[in-house]
């Protein structure tokens, strides 16, 4: 079995934030939405059901808890959690805090308009907010 | 606490298929995609994290297992699992079997083109296939 590495497309589109017990937590480089991507550190997996039962539970637990705390911190209106993977085969879960005033509301974020990448200050600020929230979590 | 009832929009857009241990299993009335909607029978809940821990695990378990068996039965290329809820506040999880030849591939199904509703024969056939798969599941 080869070692875990995030897919090249994920590396291009997202920034690493921290390591959770199962997943690498990454931030989508789109400042229009607080948009996290959780990538289980398991090589060769593309569907949730290909993980063993304990990993499946841990994946959803990490996605749900990280989403819950970030939605509260950012005063979001709704949480979106999704495993799609039509474009990038490596298993990853999107966790997005949605606001009624955001660019894509009430539609989904995927494929909506043009991405607005972070500048360095914006990236540092968002990374800091995420880290501050995630550090206290029981995962 | 009021009793569980599916949201009126879900009733309009989907057909009931069967009852799982936690969720009502419904079929989206769009014959372009094998598209299920799982609605936990818990009133007043709109986010996954508002369920208790056991219900959260059961929800993801039902979504993942139903998706796995249906993907295999329909020879799907990818499974999409998503909790969005931007339009319908009542908690529900989408489970969609995707094919590389389907109308929206590789984009998401939400908001893609015009819905193609089932005719009665097509609906009966799809319901039958889903029921045959779901009956044997350990949920």
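No value in this document is a laboratory result; all are computed from the given coordinates. All values reported here derive from a predicted model rather than from experimental measurement. A quick note on method: Cβ atoms are made from the backbone with ideal geometry, for glycine too, and the neighbour counts reach across all protein chains shown.
Just give me the residues in segment B:14-51 being under 23 Å from residue B:114 (Cβ atoms), surrounded by fewer than 18 Cβ atoms within 10 Å (Cβ to Cβ) and out of contact with any helix residue (DSSP H, G or I) (no Cβ under 9 Å at 6 or more places or on another chain), in sequence order.
Passing the criteria: only B:32.
Select, from B:131, B:123, B:137, the only residue that is farther than 28 Å from residue B:46 by Cα and away from chain A (no Cβ under 11 Å).
Of the residues listed, the single one that is farther than 28 Å from residue B:46 by Cα and away from chain A (no Cβ under 11 Å) is B:123.
Taking residue A:115, is it more than 12 Å from chain B (Cβ to nearest Cβ), in a loop (DSSP other than H, G, I, E, B) and without any contact (Cβ under 8 Å) to a residue 24 or more places away in the chain?
Here the answer is no, as residue A:115 does not meet what is asked.
Identify the single condition in (1) more than 27 Å from residue B:113 (Cβ to Cβ); (2) out of contact with any strand residue (DSSP E or B) (no Cβ under 7 Å at 6 or more places or on another chain); (3) in contact (Cβ under 8 Å) with a residue 24 or more places away in the chain that residue A:88 does not satisfy, given that it satisfies every other one.
(1)
So which residues in segment A:38-59 are within 14 Å of another protein chain (Cβ to nearest Cβ) and not in a loop (DSSP other than H, G, I, E, B)?
A:38, A:40, A:48, A:49, A:50, A:53, A:54, A:55, A:56, A:57, A:58, A:59
Can you confirm whether segment B:68-90 contains a residue that is within 20 Å of residue A:94 (Cβ to Cβ), touching a helix residue (DSSP H, G or I) at 6+ places or on another chain (Cβ under 9 Å), part of a loop (DSSP other than H, G, I, E, B) and facing chain A (nearest Cβ under 8 Å)?
Yes, segment B:68-90 contains at least one residue that is within 20 Å of residue A:94 (Cβ to Cβ), touching a helix residue (DSSP H, G or I) at 6+ places or on another chain (Cβ under 9 Å), part of a loop (DSSP other than H, G, I, E, B) and facing chain A (nearest Cβ under 8 Å).
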